[in-house]
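The values are calculated or read from the model by the stated rules, or taken from the named source; none is laboratory data. These numbers were taken from a predicted model, which means no experiment stands behind them. Virtual Cβ from ideal backbone geometry, glycine too; neighbours counted across all protein chains shown. Calculation scope for accessible area: heavy atoms of the full protein, side chains included, ligands and nucleic acids excluded. Shrake-Rupley method; radii C 1.70, N 1.55, O 1.52, S 1.80 Å.
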Amino acid sequence: MKDILKFLREARIGYLLFTSLIVLGVIFGAFEIIDQTLLKDIPPETMRWLYFSRGALAALLLMIWAAWTVYNYREYYEDQLQATKLRYSDIIEHSAEAIISLDTEGRITSWNRGAEQMLGWHRDEIIGESINLIVPDKLIELEELEHIDAEIQRRGYIQNFETERLTKKGEKKLVNLTESYVRNKDNETVGRSLILRDLTDVKMREEQIQQSERLATVGHMAAGVAHEVGNPLTAISSLVQVCQRKTNDEFIQDQLKKVREHIQRINKIVRELVDFSRPSSMQTEHVQINEVIKSAVGLLKHDARCRDVNFKLNLADNLPSITCVPDQIHQVLVNLLLNAVDAMKETAKPKITIFTLKQQNNIKLTVADVGKGIREENQPRIFEPFFTTKDVGRGTGLGLSVSHGIINKMGGAIHAESEYGKGTTFIIKLPIKTEE
Ligand SMILES: Nc1ncnc2c1ncn2[C@@H]1O[C@H](COP(=O)(O)OP(=O)(O)OP(=O)(O)O)[C@@H](O)[C@H]1O
Ligand SMILES: [Mg+2]
């Protein structure tokens, strides 16, 4: 009854009454005209029947009218309800976040597309399964679910809880979890809803920013030291030359030559350090990245270290140009290629593959080798100045930090993916600047 009254109220009872009065007015008016003009000589008994049937007919018409109006409104509201439902299910379905609902037993009852993409299970495979399936064993042992339950019971929800969940392949994903009860109209709990946001990218970006900041600090310090070292070094170099001119002793000549070689080595490090942190004052140009790659590879092909290396170029046609200092991007490529060559010293079939590709507003450039790879514990450190795993005298550990600095200044990004024992791929993204 309450529902019917509510429905009638919502179906605009005022409109119904108003239109009903008009209908009544029209019927009675019509009968009145017929009475006055056509039925003047009818006996009173017949007239009574006519009055009675007029009432009955009016009531019947009114009922039909009201039923018809109510029916129309009902249809209208049902359509509206359906449209709202569709809108919400569209939002849920197309959300990038994983939106999952559970019944009171913790079994999965719905699984949106975001969940499919984030965790790898198709909804047909996982609906009906327990939510424990996506919780790592370690967290089950640590009673994380009980902790979440307690929190939901206390506050009604849990929000932005950082945790891990498992993908279908068994990989752990860092996620941000928001969970709450789902209730019915009588306020009884009928299940729970979960929203999972993937934090992998966010964490990676945070780490990149931290790394850039760390590099910037080290760079500043290094530049200061390099500057201080540079001056006495020039003086030593001149003094050595003076000594060389003054002596004819072969042994001393020989030793002084070695001293000069070492000074040159220090000079190279100092120059690279200053380059690394100095704001670039060199002229930028529009550069075709494919040309730079061909030139860097061409240069290295003549190097004895690269004699056996198979260079494979997969360069996309019609790439837009990028704005940079040509020598700098050339230097980045030479650094990467030399590192790759060094890493493949013991590889039977050394091969370097270079890809270029346009990706939205970037050019993606990858340099992949099949060398010894980078140990996992070293991966976060390779862009640090002076980090090297090479023997003393063979590597200074500046190549990648200088390259990182150059790419960063261009507004791009560089990172490495490596599997120890299998090979390494450096991935560079360079922004395409459209002409203003
Ligand atoms: N393609 C690669 N494969 C395996 N390890 C690599 C590769 N590229 C870089 N590395 C690792 O990263 C370290 C740092 O590289 P980076 O180019 O900065 O310095 P370096 O090559 O050691 O010395 P430099 O380039 O200054 O002569 C290397 O010592 C090596 O351990
Ligand atoms: Mg190097």
When the dipole is taken about the Cα centre of region 294-422, and only Lys, Arg (+1) and Asp, Glu (-1) are charged at their Cβ, what size is it in debye, to the nearest 20? 280
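When only the heavy atoms of the protein chains count and the probe is 1.4 Å, how do D317, D186, D35, D149 rank by accessible area, highest first?
D317, D186, D149, D35
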Along the charge dipole of the chain, which of V367, Q82, N160 sits closest to the positive end, that is, farthest toward it, with unit charges on the beta carbon of Lys, Arg, Asp and Glu (+1, +1, -1, -1)? V367
Between R265 and I432, the FRET efficiency computed from the C-beta separation at R0 = 51 Å comes out, to the nearest 0.05, as 0.85
Could you sort Y73, Y157, Y88 by accessible area so the largest value comes first, with the probe set to 1.4 Å? Y88, Y157, Y73
Please report the accessible area of F28 (heavy atoms, 1.4 Å probe, ligands and nucleic acids excluded) in Å², nearest 10. 90
Between Q208 and L133, what is 0.36 nm times their sequence separation minus the Cα-Cα distance? Round to one decimal in nm. 23.8 nm
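Just by accessible area at a 1.4 angstrom probe, what is the order of F52, F355 from largest to smallest?
Sorted by accessible area, descending: F52, F355.
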Counting trypsin sites (Lys or Arg not before Pro) as exposed when in a DSSP loop with at most 16 other beta carbons within 10 Å, what is the longest stretch of the chain free of them? 41-167
For S110, what accessible surface area do you get with a 1.4 Å probe? Give it in Å², rounded to 10. 50
Of the listed pairs K172/K364; K173/K358; K345/K372; K138/K173, those with alpha carbons more than 19 Å apart are K172/K364; K173/K358
Calculated FRET efficiency, K390 and Q82, Cβ-Cβ r, R0 56 Å, to nearest 0.05? 0.25
DSSP-loop GluC sites (Glu not before Pro) across region 309-405, with at most 14 other Cβ within 10 angstrom: E346
Within-9-Å neighbourhood charge of R123 [Cβ basis; K, R +1; D, E -1]: -2
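Divide by every residue of the chain the summed helix terms, -39500 (n - 2.57) for each DSSP H run of at least 4, and state the resulting mean residue ellipticity at 222 nm, rounded to the nearest 500 deg cm²/dmol.
Rounded to the nearest 500, the figure is -18000 deg cm²/dmol.
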Using +1 at the Cβ of each Lys and Arg and -1 at the Cβ of each Asp and Glu in region 184-333, identify which of H262, V202, Q288 lies farthest towards the dipole's positive end. H262
Pop the C-beta distance of W68 and Q117 into the FRET formula with R0 = 41 Å and round what comes out to the nearest 0.05. 0.25
Where the only charges are on Cβ atoms (+1 Lys, Arg; -1 Asp, Glu), what is the dipole of the chain about its Cα centre, to the nearest 20 debye? 1460
Are there any helices in the chain, counted as whole DSSP H runs, that stretch 30 Å or more along their axis by Cα and score at least 1.6 on average by Kyte-Doolittle, and if so which? 13-37
For region 96-198, calculate the relative contact order in percent as a whole number, restricting contacts to Cα pairs under 8 Å that are 6 or more residues apart. 30
Cα-centred dipole magnitude for region 388-434, charges only on beta-carbon of K, R (+1) and D, E (-1), debye, nearest 20: 180
Using 0.36 nm per residue, how much length does the chain from N408 to A150 gain when fully extended, once their Cα-Cα distance is taken away? 88.3 nm
Top positive-direction residue, dipole computed over region 388-436 with Cβ charges, set H415, I428, V392: V392
Give the distance, in whole Å, between the Cα centre of region 347-418 and the Cα centre of region 81-140. 39
